[in-house]
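The values are calculated or read from the model by the stated rules, or taken from the named source; none is laboratory data. All of these numbers come straight from a predicted model, not from anything done at the bench. Every residue, glycine as well, gets a Cβ built from its backbone with ideal geometry; the counts of neighbours run over all protein chains shown. The area values use the complete protein model at the heavy-atom level, side chains included, leaving out ligands, DNA and RNA. Shrake-Rupley method; radii C 1.70, N 1.55, O 1.52, S 1.80 Å.
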Amino acid sequence: SMNAFRQLLKAAGAHPPVGTWIMSASPLVAEATGHAGFDWAVLDMEHSPVDMMEVVQMLQALSATKMVPVVRVAWNDPVLVKRVLDAGAATVMFPFVQDAAEAARAVAATRYPPEGVRGMAGMSRANRYGTVPNFFAAANKQVGVIVQLETVQSVKKLEAIAAVDGVEGEEGPRRVEQLE
């Protein structure tokens with residue numbers, strides 16, 4: 001199946017998808033937010049107490065809703081990334097990406113070899129504990145990657161960062177507006 005966040009972006013047209021942030025570690029808060037009408041939400045592990053088990057529980061709670069979860073990892077670290085992917089995250093947000101090399105490292109952390117450095121796990125929540133046929137063959141194309149540009153220096157490198165294969169965004173020609 002295609003990445004659900006990517007599908008939201010493609011289907012947007014005149015009605016861009018509306019999202020929110022979940023800073024609570026509570027699966028009940030996540031579930032309630034999932035039923036509140038938002039299209040997507042960021043489950044934030046960077047600036048909140050959310051840890052791995054809470055992410056699992058929040059993703060479980062959200063699986064009963066239509067809201068698409070995006071998990072923001074605390075840092076661009078392949079160990080953190082593999083753990084949230086194994087927990088079932090399908091789209092990962094990376095904070096504080098400074099240049100194309102860091103964006104490429106972020107993408108590599110979400111891809112199995114030879115395209116990346118994601119570690120293999122025969123049984124995880126992501127592959128329904130080993131029951132998804134051809135999971136490893138299809139997984140690389142299904143993970144979404146969102147990078148955050150949070151400094152003047154990174155915004156100046158926006159075109160190079162956006163050109164990194166695997167970084168999500170508009171398809172087709174990209175228009176970059178200068179920030180004064």
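Leaving out ligands, DNA and RNA, and with a 1.4 Å probe, what % of the accessible surface on the chain is carbon or sulfur?
Numbers: 5700 of 10030 Å².
The C+S portion of the solvent-accessible surface of the chain is 57 percent.
With the crude spin-label approximation of a point 7 Å out along Cα→Cβ, what separation in nm comes out for Lys10 versus His47?
3.2
How high is the FRET efficiency between Lys141 and Ser26 when r is their beta carbon distance and R₀ equals 35 Å, given to the nearest 0.05? The partial results should precede the final answer.
Working: r = 32 Å, r/R0 = 0.93.
FRET efficiency, Lys141 to Ser26: 0.60.
Local charge sum around Ala89 (other residues, Cβ-Cβ under 11 Å, Lys/Arg +1, Asp/Glu -1)? Show your work: numbers first, answer last.
Working: positive: Arg72, Lys82, Arg83, Arg125; negative: Asp86.
It works out to a net charge of +3.
Residues with beta-carbon under 12 Å from that of Met23, excluding Met23: net charge, scoring Lys, Arg +1 and Asp, Glu -1? Please report the intermediate quantities before stating the final value.
On the way: positive: Arg72; negative: Asp44, Glu46, Glu54.
Once positives and negatives cancel, what remains is -2.
What list of ³J(HN,Hα) values in whole Hz, one per residue of the range 134-140 in order, does the Karplus curve 6.51 cos²θ - 1.76 cosθ + 1.60 (θ = phi - 60°) give from phi, with Gly and Pro shown as x?
These are the phi-based 3J(HN,Hα) values: 6, 4, 5, 5, 9, 4, 4 Hz.
Would you mind telling me which residue in Ala89, Ala138, Ala14 has the biggest mean-square fluctuation in a Gaussian network model of the chain, where springs connect alpha carbons within a distance under 10 angstrom?
Result for the chain, Cα springs under 10 Å: Ala14 fluctuates most.
I need the chymotrypsin sites (Phe, Trp or Tyr not before Pro) found in the range 1-86, filtered to DSSP loop residues with at most 15 other beta carbons within 10 Å of theirs.
Details: sites: Phe5, Trp21, Phe38, Trp40, Trp75; in loops: Phe38, Trp75.
Of the chymotrypsin sites (Phe, Trp or Tyr not before Pro), the ones in loops of the range 1-86 whose Cβ has at most 15 other Cβ atoms within 10 Å are Trp75.
How big is the chain by Rg and Dmax over its Cα atoms, in Å?
Considering the chain through its Cα atoms, Rg and Dmax are 16.0, 52 Å.
Under a point-charge model restricted to the Cβ atoms of Lys and Arg (+1) and Asp and Glu (-1), what is the dipole moment magnitude of the range 1-116 relative to its Cα centre, in debye to the nearest 20? Present the calculation step by step, with values, prior to reporting the outcome.
Values: 8 positive and 11 negative charges, 71 e Å.
Charge dipole of the range 1-116: 340 debye, to the nearest 20.
Under a cut-off of 26 Å between alpha-carbon atoms, report the lysines in cross-link reach of Lys141, not counting same-chain residues fewer than 8 places apart.
Lys10, Lys66, Lys82, Lys157
If Lys and Arg each add +1 and Asp and Glu each add -1, what is the summed charge of the other residues whose beta carbon sits under 10 Å from the beta carbon of Met52?
Details: positive: Arg83; negative: Asp51, Glu54, Asp86.
So the environment of Met52 carries a net charge of -2.
Considering only Arg72, Arg111, Arg128, give the residue with the highest GNM mean-square fluctuation for the chain, with springs between Cα atoms whenever their separation is below 10 Å.
For the chain, modelled as a Gaussian network with Cα springs under 10 Å, the answer is Arg128.
Taking R0 as 22 Å, what FRET efficiency do you get between Lys66 and Gln148 from their Cβ-Cβ distance, rounded to the nearest 0.05?
On the way: r = 25 Å, r/R0 = 1.14.
Once rounded, the FRET efficiency stands at 0.30.
If ligands, DNA and RNA are left out, what is the accessible area of Met123 with a 1.4 Å probe, given in Å² to the nearest 10?
150
Once Lys and Arg get +1 and Asp and Glu get -1 on their Cβ, which of Ala30, Met2, Gly144 lies farthest toward the positive end of the dipole of the chain?
Met2
Along the three principal axes, how long is the range 1-82 when you take its alpha carbons, biggest first, rounded to the nearest angstrom?
Computed over the Cα atoms, the extents are 35, 28, 24 Å.
Under the rule of at least 5 residues apart or a separate chain, name every residue whose amide H is placed under 5 Å from the amide H of Val70.
Residues meeting the amide H criterion: Ala41, Val42, Leu43.
Could you report the chain's accessible area per residue, 1.4 Å probe, as an integer in Å²? Please list the in-between numbers first.
On the way: 10030 Å² over 180 residues.
Value returned for the chain: 56 Å² of accessible area per residue.
If you build a Gaussian network model of the chain, linking Cα atoms that sit under 10 Å apart, which residue out of Ala30, Ala137, Ala100 swings the most?
Of the options given, Ala137 has the highest mean-square fluctuation.
Grab the Cα-Cα distance for Val132 and Val79, subtract it from 0.36 nm times how many residues apart they are, and report the gain in nm with one decimal. Mind showing how you got there, number by number?
Details: separation 53, 0.36 × 53 = 19.08 nm, distance 2.29 nm.
Result for the pair: 16.8 nm of gain on full extension.
What is the Cα centroid distance between the range 1-69 and the range 84-124, reported in whole angstrom?
Measuring centre to centre over Cα atoms gives 18 Å.
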